[in-house]
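Derivation of every value follows stated rules applied to the coordinates shown; laboratory data play no part. As the structure is a computational prediction, the values presented were derived from the model and not from experiment. Reconstructed Cβ throughout: ideal geometry from the backbone, glycine too, with neighbour counts over all protein chains shown.
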């Protein structure tokens, strides 16, 4: 299905059930997979590949040689207020040249994915979040709305980023970056680490880089047996010392 005023360049292929909505522009040699939808007003560059069952929302800007895997959703079309309010178009969403969006990924309106960035399956990129160029995002990662990840950084699986991650950073599995926290350029965080904003700072707080702390152990509890035993044995020790002292005096 091709909507009104849609423009398809030479070599574009629409597979069975693909839908291109009105005012869409698709560059040369791009493939729109079966049952995939490119919604109104979006612009798609050349040599892109959209696998089956993808959805590209309204007014999305897709660069050249972008790959969107099956089941991914890029944009949700618009921010729709109540019926009584006027229609408001969603903020622009951009995918840079050579970006790869994995299967089942959801990218919300207003987000930006840089050139050559790979976002693996089942990851969520929130509204107005920013992923720099050549970022690697593993599966199951959550990038919160308005969060940022700098160029050439890597996020391992199950990370959660609510703050700012600098360039050339390496985050291990299940690392959490809290809202308001900042990870400086080149920082490496081991699996399970947590980065928190300094609550005492009024603005621009430095990040507190902390690995998960080990459970606190109360020495008082562990020392109770020794303390009780010491109290029981104290009189016996005193009596024994008296006996030994008496024998020495007799000798």
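The ranking of 39, 76 from fewest to most other beta carbons within 10 Å of each one's beta carbon is 76, 39. Expressed as a whole number of Å, what is the distance separating the alpha-carbon centroids of the range 88-167 and the range 1-27? Using only Cα atoms, the two centres lie 26 Å from each other. Counting 0.36 nm for each residue step from residue 157 to residue 139 and taking away their Cα separation leaves a gain of 6.0 nm. Taking other C-beta atoms within 10 Å as the exposure proxy, 117, 94 rank 94, 117 from fewest upward.
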